[in-house]
Amino acid sequence: MFEVFTLLADWAAYRLLGLTPATKLADAVHFFVEDTSKIFVLLAVIVFVMGLFRTLLSPEKVRGYIEGRSRGVGYGLAAVLGAVTPFCSCSSVPLFIGFLEAGIPVGVTMAFLITSPLVNEVAVVILASIMGWKLTAIYVATGMGIGIVGGVLIDRLRMERYVEDYVWKIRMGAVVRTETDTSLSGRIRYAWGEVTDIVGRIWLYVIVGIGIGAALHGYVPQELFAEYASADNPFAVPVAVLMGLPLYSNATGVIPVAEALLAKAVPIGTVIAFMMSVVAISPPEFIMLRKVLKVPMLAFFGSFLTIAFILVGYLLNTLFA
Amino acid sequence: MKTVKVLGSGCRNCVTTAKLIEEKAAALGVAVQVEKVTDIAAIMGYGVMSTPGVVVDEKVVHAGGIPKPEAVEIWLKA
């Protein structure tokens, strides 16, 4: 099913540009054309289909589902809903306050906020098409697991002390449901709107990700990674995570980089730890969360994720050695 | 004269939304006053959790993302 993108890349690199196969430039161009066409086609198709069925959950609905649940159910439910609910990271703050205002525990709220950027349906389909279902299942399970563990720890350590005081005083108005057009033409218009909205928001991250992936693929020799990033080097995983911290991309954009790293025989745990670090932690996200969280909780949040990603990296490298 | 409030923390999407409404109003010849609400307590007071949200004459008409131009026209004409 996906050979068509390989054929397109063959044609573009060898016929259109007349490059000689197996040269550095040809490899890089081939990678770039194949991934760009494949990722953007998949992205548009998935978002459109989901838009048709309006399966995209809004944070308002999610709040309704979690509200009033016991903590035990809450963490798991928050992680699952985090995985299937897309939301713009610029909404983190109102979402955080809205959840707390509904009486949802801080830990359950954070489980949602951790899982949401890490796992989403678009990234899952693209990840599976490039790296196979097994790897995708591992990625999804660890992403949700980290969200749940983080949420439980935050509540156990009574981190609600470190939520800014004004947050508790905010009273929210009745949540409004804006009217929706459920006719077929209305659905198609809505779904197309979703495609332009989401593609418009993330295309640059995806192109930059594919560009880096293509450069790694074509120009960085495998020996370099074998020397510094093999499973024998105990520092490879922490270094990969620390390198990912200041970088920011969404899950779809980082997949081509991960693909190139895997092709250079970088171990799976190291690659997944790097991916998660790029996607989940970034300076802008911290600046935003600082509006509602005091420094101790923010510090805990950052260090917990860093340590969790490193442990996941070591664990997967051991399991799949 | 309609009063339109754009609810949002000041992110790029909120600026785009406010601009879109101003442009549409000018094109339609409707007198509007567009106001950006960035105070989080005020935003939550409208029951809006996903920004940007749009309030026309104190009624919430939209939440979560840049509104579609056709929708903006309908609000302004109503």
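The values are calculated or read from the model by the stated rules, or taken from the named source; none is laboratory data. Note that this is a predicted model, so its numbers are computed, not measured. A quick note on method: Cβ atoms are made from the backbone with ideal geometry, for glycine too, and the neighbour counts reach across all protein chains shown. Only protein heavy atoms, including side chains, enter the accessible area calculation; ligands, DNA and RNA are left aside. Shrake-Rupley method; radii C 1.70, N 1.55, O 1.52, S 1.80 Å.
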*Can you name every residue in the stretch A:21-61 that is outside any helix (DSSP H, G or I) and closer than 19 Å to A:Ala123 by Cβ?*
A:Thr55, A:Leu56, A:Leu57
_Hey, A:Val149 within 14 Å of chain B (Cβ to nearest Cβ), at pLDDT 90 or above and surrounded by fewer than 19 Cβ atoms within 10 Å (Cβ to Cβ) or not_ = no
*If you take the residues in the stretch A:303-312 that are in contact (Cβ under 8 Å) with a residue 12 or more places away in the chain and over 16 Å from the mean Cα position of the chain (by Cα), which one is farthest from A:Asn233 (Cα to Cα)?*
A:Phe304
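Would you please name the residue that is nearest to the chain's Cα centre (by Cα), looking only at residues in the stretch A:1-38 that are among the acidic types (Asp, Glu) and more than 16 Å from A:Ala263 (Cβ to Cβ)?
Checked the stretch A:1-38; the qualifying residue nearest to the chain's Cα centre (by Cα) is A:Glu3.
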*Check off (1) surrounded by 15 or more Cβ atoms within 10 Å (Cβ to Cβ); (2) outside any helix (DSSP H, G or I); (3) under 11 Å from the mean Cα position of the chain (by Cα) for B:Thr3 and give me the number that stays unchecked.*
(1)
*Scanning the stretch A:228-250 for residues that are in a helix (DSSP H, G or I) and open to solvent by 90 Å² or more (accessible area, probe 1.4 Å), which turns out farthest from A:Leu311 (Cα to Cα)?*
A:Tyr228
*Answer residue from the stretch B:66-78, given it is assigned to a loop (DSSP other than H, G, I, E, B) and at the interface with chain A (Cβ under 10 Å from one of its Cβ atoms) and is farthest from the chain's Cα centre (by Cα) among those*: B:Lys68
*Return the total of residues in the stretch A:254-285 being within 16 Å of the chain's Cα centre (by Cα) and exposed (fewer than 15 other Cβ atoms within 10 Å of the Cβ).*
2
*Those residues that are touching a Pro at 6+ places or on another chain (Cβ under 9 Å), over 20 Å from A:Gly209 (Cα atoms) and aromatic (Phe, Trp, Tyr), I need them from the stretch A:1-33; list them, please.*
A:Tyr14
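Every residue, every condition in (1) crowded, with 19+ Cβ neighbours inside 10 Å; (2) modelled with pLDDT of 90 or more, yes or no:
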{"position": "A:Val4", "(1), (2)": "no, no"}
{"position": "A:Trp11", "(1), (2)": "no, yes"}
{"position": "A:Arg15", "(1), (2)": "no, no"}
{"position": "A:Thr20", "(1), (2)": "no, no"}
{"position": "A:Lys24", "(1), (2)": "no, no"}
{"position": "A:Ala28", "(1), (2)": "yes, yes"}
{"position": "A:Ile39", "(1), (2)": "yes, yes"}
{"position": "A:Gly51", "(1), (2)": "yes, no"}
*Which residue pairs have Cβ atoms under 8 Å apart, sit 6 or more places apart or on different chains, and have a first residue in the stretch A:65-83 that is closer than 17 Å to A:Gly150 by Cα and a second that is open to solvent by 70 Å² or more (accessible area, probe 1.4 Å) and in a helix (DSSP H, G or I)?*
A:Leu77/A:Tyr65; A:Leu81/A:Tyr65
*Assuming A:Ala214 fulfils every condition listed in (1) more than 14 Å from chain B (Cβ to nearest Cβ); (2) more than 19 Å from the chain's Cα centre (by Cα); (3) open to solvent by 80 Å² or more (accessible area, probe 1.4 Å) apart from one, which condition is it?*
(3)
*Check the stretch A:268-286 and report whether any residue there is at pLDDT below 90, part of a helix (DSSP H, G or I) and within 14 Å of chain B (Cβ to nearest Cβ).*
yes
*For B:Lys19, are the conditions met, namely being free of Cβ contacts under 8 Å to residues at least 40 places away in the same chain, within 11 Å of chain A (Cβ to nearest Cβ) and closer than 22 Å to A:Gly193 by Cβ?*
no
_Subset of the stretch A:189-211 that is within 13 Å of chain B (Cβ to nearest Cβ) and open to solvent by 50 Å² or more (accessible area, probe 1.4 Å) - its residue that is nearest to A:Val254 (Cα to Cα)_ = A:Leu204
*asked:* Take the residues in the stretch B:40-65 that are open to solvent by 50 Å² or more (accessible area, probe 1.4 Å) and either more than 10 Å from chain A (Cβ to nearest Cβ) or in contact with an Asp or Glu (Cβ under 7 Å, 6 or more places away or on another chain) (or both); name whichever of them is nearest to A:Ala174 (Cα to Cα).
replied: B:Glu58
_Residues within the stretch B:16-39 that are open to solvent by 40 Å² or more (accessible area, probe 1.4 Å), part of a helix (DSSP H, G or I) and among the aliphatic types (A, V, I, L, M), tallied_ = 3
_Selection count, the stretch A:53-73, where residues are open to solvent by 60 Å² or more (accessible area, probe 1.4 Å) and not basic (Lys, Arg)_ = 8
